[in-house]
Each structure stands twice: as structure tokens, then as C-alpha cells.
1. Within the stretch 63-84, take every residue that is exposed (fewer than 11 other Cβ atoms within 10 Å of the Cβ) and of a type outside the set (S, T, N, Q) and give me the one that is farthest from Met126 (Cα to Cα).
2. Inside the stretch 396-426, can you point out the residues that are at pLDDT below 50, out of contact with any Phe, Trp or Tyr (no Cβ under 6 Å at 6 or more places or on another chain) and of a type outside the set (Gly, Ala, Ser)?
3. Failed condition for Arg3, given (1) at pLDDT below 80; (2) within 20 Å of Ala63 (Cβ to Cβ); (3) not in a helix (DSSP H, G or I), with all others met?
4. Give the stretch 39-56 a look and list any residue that's over 13 Å from Pro69 (Cβ atoms) and either in contact with a Cys (Cβ under 8 Å, 6 or more places away or on another chain) or acidic (Asp, Glu) (or both), or say none.
5. Within the stretch 376-393, which residues are among the acidic types (Asp, Glu) and free of Cβ contacts under 8 Å to residues at least 60 places away in the same chain?
6. How about the stretch 316-336: which of its residues are surrounded by fewer than 16 Cβ atoms within 10 Å (Cβ to Cβ) and at pLDDT 80 or above?
7. Testing Phe197 on (1) hydrophobic (A, V, I, L, M, F, W, C); (2) modelled with pLDDT of 80 or more; (3) outside any helix (DSSP H, G or I), one condition comes back false. Which one is that?
8. Looking at the stretch 377-395, can you tell me whether even one residue there is surrounded by 13 or more Cβ atoms within 10 Å (Cβ to Cβ), at pLDDT 85 or above, acidic (Asp, Glu) and assigned by TED's automatic domain parsing to the domain that holds Gly314?
Amino acid sequence: GLRTIGGQDAKDILENKLLPLRRGYIGVVNRSQKDIDGKKDIRAALAAERKFFLSHPAYRHMAERMGTPHLQKALNQQLTNHIRDTLPGLRSKLQSQLLSLEKEVEEYKNFRPDDPTRKTKALLQMVQQFGVDFEKCIEGSGDQVDTNELSGGAKINRIFHERFPFELVKIVFDEKELRREISHAIKNVHGVRTGLFTPDLAFEAIVKKQILKLKEPSLKCVDLVVCELTALVMKCAVKLNSYPRLREETERIVTTHVREREGKTKDQVLLLIDIELSYINTNHEDFIGFANAQQRNTAANKKRAIPNQVIRKGWLTINISIMKGGSKEYWFVLTAESLSWYKDEEEKEKKYMLPLDNLKIRDVEKGFMSTKHIFAIFNTEQRNVYKDLRQIELACDSQEDVDSWKASFLRAGVYPEKDQVCGCYFVFLQKP
């Protein structure tokens, strides 16, 4: 130990049990039972101890470092040093606690103990502060900004602009089944007649069936936002911990209100989808029809290929078997054309660059012992993606990071597996 000082009677040395100490040993001669029975006082005992160390041939050379007075002096010095070392930290801790208490007292400066309405005023002030904190968390103007993770309004923003588009793209379109439905719809509308043009009724029947698939991701988006709002309620109610019943009642009332609005919000979402189902505006400028679909698609691809915009940067772990080098973390840069990874965020040493052509994403189940969340990138033409690997597995620390990266790949044109969007029909819905 740093402050350990040993004392012993030489028995351990004879038994070969000597333990070296950082601060060494100090020998002392204590009063024997005979001395105690003979009522030998402390002064006489100290004098006898001193005489023993000075006269004994084995201890004479170290007599100045032996004895009870030297032990007392060494212990006092250790105590002084310990106080000197710990006093600054203790002073800092006390000052911090004092500032915390002063800040807490400041909140009650307007409360008068003799005021009969003080309880009501305190209740109203805490409830109002809860409302202010809740609003600031959503609007992003809170006093304490979290630098470790997204929270509040930032998470809701991500749900709207990353998670919701990703859920839309995950909708599976079976191209063969869709073509079969289109063929049957056209034939059923014509009946016994042979048609020359594609009837509007067949077109609307197919489009409406696809619009109905928007319900599930739209309602899921509402559920995700509600979950985040509920978490915000719990977070903002922490300041009410001193009043457990008030906190419990506040959480209950606000959460109940959020659940009530959840039902009305879902009704509005379903109403909006019903509105879109009721009228397909094929006269809208965004509706490209059949004539110039291929032309516009080609022009859009050329326009998209010009800028190499950086979409996202961040750390990811490449999962590779131990036989092939093991997993390793790299700094990834996703652009509109490629995925590159570097040794670190300085982006000086590039390890590899993977073009995004013919790439798609698939989910990978997390291993039993793994703490990472994984997704994989593969080539739809069965070509190796990286070295001799048909797919490359990328790992994140959380499922939220995985979803965010998937959304970023979606912006770059890399879609999830089984996403077979039919290129025959492009329709953008808007109320007339």
C-alpha cells in the first residue's frame, strides 16, 4: 500500500515470510505483561526501548529508525501528506455541492413559508416548467444539449426523413404478380371487346391497390413518433423526482393525452390515404405517363451521375472471419456513386472503394455473443463485393445507427433486398 508501515517481531524473518513494503518496517519494543503487572510507566518503557536498540548489536546501526517515537513521527507525516493530497479534491467537491444547493435554493426564493398558497404556487411552477422543458426538447432549444446521442425533436426528424422513406422502400413489389394483375385488369375492363388503348379504370385499379400499401409504413411512423414522445415525457419528468405522486400523475395525464392524439392522428393519416384513393389526378405535371417515362428516367440517371455528393460519413466495422483477418473498424464515406473506407477520419489512407452499381442491402441476424447490429451489402449479379466475399457485413453499435445508414444508402440509390419496383408505372399523387 501507499501508506502501509509494517511492524514485526522478527519471527516472520526466521520463517522466511518477509514481505517487502514500500515504506519499510519500523521496529518497536512493547511493554511485556510483566511490565504491565509491575506498573511500568510509558516513559520508562520508551527509555528501555531506546536503550535496547542502542545496545543490541543487530539494531545498533539502525537505532535512529527504530522505536515508538520514530513510528509516531512517521505516522504523523503520513497523515499530513494524505490530508494535503486529498484536501483540494475535498474542497472542490464541497464547492460543487454548495453551488448545487444554492441553485436548488434559488428555485424557492419566491416561496414564503408563511404563505398559505405556497403549495399551490409550487405545484403550478413545476408543472409549467415541465411544459417548457418538453417543448424545448422537441423544438431543439433546450438549455442542456446532449452531445452523445440524438434525442427529442432530432429523433422525430430522423423518423420523418430517414426511417419513413426507408419503410416505404421496404414495401415488396412482385413484378411478375403486378404484371399479371395489370393484364387481368385490362382484359376484365374490356370484357368481350378487344381494346386498342389501356383503359383508365384498369390503371386506377392497379394504382389504388399500390396506394393501400402505404397504410402500414405510415401508421408505423406514427407509432415511432409516439414512442419517442413518451420517452420525452419520462425524461422531462425527472425534475419532479422529489414529488413522486406529482411525477406519476403528470406522466399519466400527458401520456394519456399523447395516446388520445395518436388515435386521431392515425385517423387523419387513413383519411389522407382515402382522399388519394378517391381521385387519381393524371393531369398533374408530375405524372409522366408512358410516353416519356423512359426518356425522363434516362435523363434523371445522367443528371444524377454528374455530382459525386457526399451523403454520409462515419465509423463502421467490417465483419470478416478470423481466418481472413478478423473484424476491423474503418472510417466510411458514402457518396452518390461509391462507398469508400479509410484507416481513420483524416481520409488520407484509402483502404477500398466500392462502386454502388448493382448493389443492394439485406438484414443480417445478430450473433448470440455479438453486441453489434449488422447489415450486409451484396451484388445482385452474384459478383464478389470485396476481395473474395460475395457480401460484405457492416456492423454498428445500435439498431438506430443501422436504420440511419440504410436510409443513407437509400438516398444513394442502394435499395433493400426484394425491392423490385416495377418500372412500368410512375405516378405521383397529389390532391387536385
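The values are calculated or read from the model by the stated rules, or taken from the named source; none is laboratory data. Remember, predicted model here, so these are calculated numbers, not experimental data. Quick reminder, even Gly has a Cβ in these numbers, built from the backbone with ideal geometry, and neighbours come from all protein chains shown.
1. In this case the residue turns out to be Glu64.
2. Asp419, Cys424, Tyr425, Phe426
3. So the condition that Arg3 fails would be (2).
4. Hit for the stretch 39-56 is Asp41, nothing else.
5. Taking the stretch 376-393 as the starting set, the residues that turn out to be among the acidic types (Asp, Glu) are 381, 388, 393.
Glu381, Asp388, listed by residue number.
6. Across the stretch 316-336, the qualifying residues are Ser327, Lys328, Glu329.
7. (2)
8. Within the stretch 377-395, one or more residues are surrounded by 13 or more Cβ atoms within 10 Å (Cβ to Cβ), at pLDDT 85 or above, acidic (Asp, Glu) and assigned by TED's automatic domain parsing to the domain that holds Gly314.
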